Amino acid sequence: MRFTLKQLQVYLATAHTENLSLAAEKLALSQSAASDALKTLEHLAGIKLFDRIGKRLQLNEMGREIRPLVERLLEQAEELDHAMHRTSVSGGGLTLGATLSIGNYIGIKMLAAYRQQHPDNQVKLEVANTATIVEKVLNYDIDHGLIEGEVNHPDLIIEPWLQDELVIFCAPRSPLVGKLLTDEDLVKAPWILREQGSGTRQAFEFSLRGLMPRLTVNLELQHTEAIKRAVEAGMGLGCLSRITLEDAFRRGTLVPLDAPGRDFHRTLYTILHKAKYITPGVQAWIDLCASFRSSVTTHPVTPNHPENRG
């Protein structure tokens, strides 16, 4: 073997950061040591792996081609190191990603179950919108993702997980309480919505297709709790996942509304990079997701479910 693991670590850190100084800092190396490692790797390979654009190093075609192989090799080397030093008998650390509705209302319960089964494993959960979680899975920053939006990407394994439902809601004093909403009602109302790039916004726009250009969107917010507070204050209507609203409906601080003829059902998905090396820890999490799907009261989604579009 002509190259070293350290050289591959420098290559991979540079691919993540697109900056040699940041890569060196991430690996606790001097910039000159990181630069020498990368130059030696390219010399041994007889190819350039990056295009130099000012201070930025961007992977070229060959650099992108070998990246999944390097990712797997370094993950396997890390797992070997863990095994040899007996730091974990059940699979090591785990970095997970979930969209806001899933992460804040389902993910914590699942994390508790995972930690109970694997108390020695370090687990990190990143909560963001669908676009961000997808990007981080593609960039190998997250081992496994749970998302609300529908995506298609050739490098991802995307599997249907749970069924969910969006619900339009208002403040208790709204004149719309108890009314069946028509398209005219939907167009006249001011709206408080999630931001573009979120799975909730994607599902909302699909459910109200044909009306979106006519809607009045007063606010776009990134957090479900902020949307709920704005609607409670009478600033407009909201539309979020039912799982984020159940407590507010029970307390009576928010009121669900019905819009006959509009389908607000959607699918939640799991995503995994096709080239991801599956450690025991990752496999244990995947198994837990499957077990959770079987245990929920809503019907689990199968690959042949008619909602699985595209």
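Here, each number is a calculation from the coordinates, and none is a lab measurement. Computed from a predicted structure; not experimentally measured. Here Cβ is always computed from backbone atoms with ideal geometry, including for glycine, and neighbour counts include all displayed protein chains.
Can you tell me the 0 to 90 degree angle between the C-alpha axis of helix 5-17 and the longest principal axis of the chain, rounded to 10? Result, in degrees: 30. Rounded to the nearest 5, the antiparallel percentage of DSSP beta bridges internal to the range 1-150 is 35%. Assuming charge only on the beta carbon of Lys and Arg (+1) and of Asp and Glu (-1), the dipole of the range 169-310 about its Cα centre is about 120 debye to the nearest 20.
In the chain, the calculated helix contribution to ellipticity at 222 nm averages -12500 deg cm²/dmol per residue, counting -39,500 (n - 2.57) for every DSSP H run with n ≥ 4.
Compute the FRET efficiency between residue 22 and residue 80 as 1/(1 + (r/R0)^6), taking r as their Cβ-Cβ distance and R0 = 35 Å, and round to the nearest 0.05.
Once the sixth-power term is evaluated, E becomes 0.85.
For the range 153-310, the C-alpha radius of gyration divided by 2.2 N^0.38 Å, with N the number of residues, is 1.17. For the chain, the longest principal axis of the C-alpha atoms and the axis of helix 31-45 are separated by about 80°.
Based on the mean of other beta carbon atoms within 10 Å per residue, what is the order of 126-133, 14-21, 284-291, most packed first? Don't jump to the answer; show the numbers that get you there.
Details: 126-133: 21.4, 14-21: 18.2, 284-291: 16.0.
Put in order of decreasing packing, that is 126-133, 14-21, 284-291.
Start at zero, step by 5 Å, and the Cα-Cα distances of the range 5-85 spread as 3, 16, 26, 26, 17, 8, 3, 1, 0 percent across the bins. Candidate cross-link partners of residue 228 among the lysines, defined by an alpha-carbon separation under 24 Å and a same-chain spacing of 8 or more, comprise 109, 179, 188. Counting only alpha carbon atoms, the long axis of helix 61-85 and the longest principal axis of the chain meet at about 80°.
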